[in-house]
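Inspection log for the structure reproduced underneath, given as structure tokens.
The values are calculated or read from the model by the stated rules, or taken from the named source; none is laboratory data. Keep in mind the model is a prediction, meaning the values are calculated, not measured. All Cβ positions, even for glycine, are placed from backbone atoms using ideal geometry, and neighbour counts span all protein chains on display. Remember, those area values only see protein heavy atoms, side chains included, never the ligands or the DNA or RNA. Shrake-Rupley method; radii C 1.70, N 1.55, O 1.52, S 1.80 Å.
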Amino acid sequence: MNGQASAVHVVGLLAELVEKLLEYKAYYQLSVRETEVLREILLDHSISEIAEILFISPRTVKFHISSLLRKTGASSQRRLRRLIEEHDQFLKA
């Protein structure tokens, strides 16, 4: 894959991620910041990385994660990722 094709592929993946995040935001009634935290979780970033990326404290990240878990019914970040995967599978069916 050449540089231009690679860039087009990355843009396509990002557009798909944004579309899915908007679906999750509506389905789970997430705030904008919760949606941003979810994005970073799905990109496999740690709490400290999320805090740095979003310019918030790690404690605030943990607060938003707790809110995400409550709203989605997930018991952990791992379960949250699985729930999102199941949501995607359901939409594809």
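Considering only segment 31-38, I want to know if a residue exists there that is at positive phi, open to solvent by 30 Å² or more (accessible area, probe 1.4 Å), assigned to a loop (DSSP other than H, G, I, E, B) and at pLDDT 95 or above.
No, that holds for no residue.
Give me the residue from segment 76-85 that is open to solvent by less than 90 Å² (accessible area, probe 1.4 Å) and without any contact (Cβ under 8 Å) to a residue 24 or more places away in the chain and, out of that set, nearest to Glu16 (Cα to Cα).
If we take residues in segment 76-85 being open to solvent by less than 90 Å² (accessible area, probe 1.4 Å) and without any contact (Cβ under 8 Å) to a residue 24 or more places away in the chain, then Leu83 is nearest to Glu16 (Cα to Cα).
Filter segment 46-75 down to the residues that are part of a loop (DSSP other than H, G, I, E, B) and within 20 Å of His87 (Cβ to Cβ) and list them by number.
Residues satisfying the conditions are Gly73, Ala74, Ser75.
Report yes if Lys62 is in contact with a Phe, Trp or Tyr (Cβ under 6 Å, 6 or more places away or on another chain) and either surrounded by 14 or more Cβ atoms within 10 Å (Cβ to Cβ) or closer than 20 Å to Gln89 by Cβ (or both), otherwise no.
Spelling it out, it is not the case that Lys62 is in contact with a Phe, Trp or Tyr (Cβ under 6 Å, 6 or more places away or on another chain) and either surrounded by 14 or more Cβ atoms within 10 Å (Cβ to Cβ) or closer than 20 Å to Gln89 by Cβ (or both).
Within segment 39-59, track down each residue that is of a type in the set (D, E, K, R) and open to solvent by less than 30 Å² (accessible area, probe 1.4 Å).
Listed by number, the list holds a single entry, Glu40.
Could you give every pair whose Cβ atoms fall below 8 Å, whose first residue belongs to segment 49-75 and is within 15 Å of Ser31 (Cβ to Cβ) and touching a residue at least 24 places away in the same chain (Cβ under 8 Å), and whose second residue is part of a loop (DSSP other than H, G, I, E, B) and open to solvent by 50 Å² or more (accessible area, probe 1.4 Å), counting only separations of at least 6 or pairs across chains?
Every condition considered, the pairs that remain are Lys71/Gln29.
Considering only residues that are surrounded by 13 or more Cβ atoms within 10 Å (Cβ to Cβ) and of a type in the set (A, V, I, L, M, F, W, C), look in segment 13-30 and name the one that is farthest from Ser67 (Cα to Cα).
Here the answer is Leu17.
Regarding segment 76-89, can at least one residue be identified that is outside any helix (DSSP H, G or I) and not hydrophobic (A, V, I, L, M, F, W, C)?
Within segment 76-89, one or more residues are outside any helix (DSSP H, G or I) and not hydrophobic (A, V, I, L, M, F, W, C).
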